[in-house]
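Just so it is clear, none of the values below were taken in a lab; they were calculated from the coordinates. Treat the numbers as computed from the prediction; the structure is a model and nothing was measured. All Cβ positions, even for glycine, are placed from backbone atoms using ideal geometry, and neighbour counts span all protein chains on display.
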Amino acid sequence: MDRRQKRTRKAIFIAFNELLSKKAYDKITVQEIISAADIGRTTFYAHFDTKEALLEALCEDLFLHIKDSINHLPHAHGLYQQSIYPVSVFGHLLQHLQQNENKILELLASDNNEIFLRYFRDHLNELVQGYFINQDRKANTNLPDDFIINHISGSFVEMVLWWVKNGMKESPTKLDNYFHAVIEPII
């Protein structure tokens, strides 16, 4: 993707995020996104086939970044200093959710979250597969991998929803510790 395409994509994301801060996802139209991004309809559709594709790309960008952390690729976002960089990729994901740069928490907690939740869980399943399942599971080896993956992903999503509902009082590190305390015995 060239610089111009990256700038346009960024403008679309920014416009979408601004709209998400003002109204529910299901109330936002493609025309509103186009107007807020100050681009043409053809330009929008050159990047995204639908509003749902934009939503999926938003989720995908977050998870690509998180997957890079598994591969120890550098991060230039400055979210934390190297000395406090989370050990767990789930801690890293929780840090990003706390920052809520792309209004992901609102999307997860909204009444109309089915589409985003599906994308979020799909990407989360891939993360769980790489982080837990491919790491020589010691417990419950008689259970199918897809069952364990679904269970862990579901637990993570429910934990995040609980966190948001309770005002995000716990730090991402503490929440990550809770998550690992519950999940590690089953793997």
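Other residues whose C-beta falls under 13 angstrom from the C-beta of ARG3 contribute a net charge of +4, scoring Lys and Arg +1 and Asp and Glu -1. For the range 1-52, chymotrypsin sites (Phe, Trp or Tyr not before Pro) meeting the loop criterion (DSSP other than H, G, I, E, B) and having at most 13 other Cβ atoms within 10 Å: none. In whole percent, what relative contact order does the range 1-48 give with Cα contacts below 8 Å and a gap of six or more residues? About 40 percent, as a whole number.
From the Kirkwood radius over Cα pairs of the range 1-48, Stokes-Einstein at 37 °C and 0.692 mPa s returns a whole-number translational diffusion coefficient of 304 µm²/s.
The simple Förster model, with R0 at 22 Å and r as the Cβ-Cβ distance, assigns ASN150 and LYS6 a FRET efficiency of 0.05.
Among the listed pairs LYS51/LYS174; LYS138/LYS165; LYS27/LYS169, which have their C-alpha atoms separated by more than 32 angstrom in this model?
On the way: LYS51/LYS174 35 Å; LYS138/LYS165 34 Å; LYS27/LYS169 30 Å.
In this structure, LYS51/LYS174; LYS138/LYS165 lie more than 32 Å apart at Cα.
FRET efficiency for the pair ALA46 and GLN98, taken as 1/(1 + (r/R0)^6) with r the Cβ-Cβ distance and R0 = 30 Å, rounds to 0.35.
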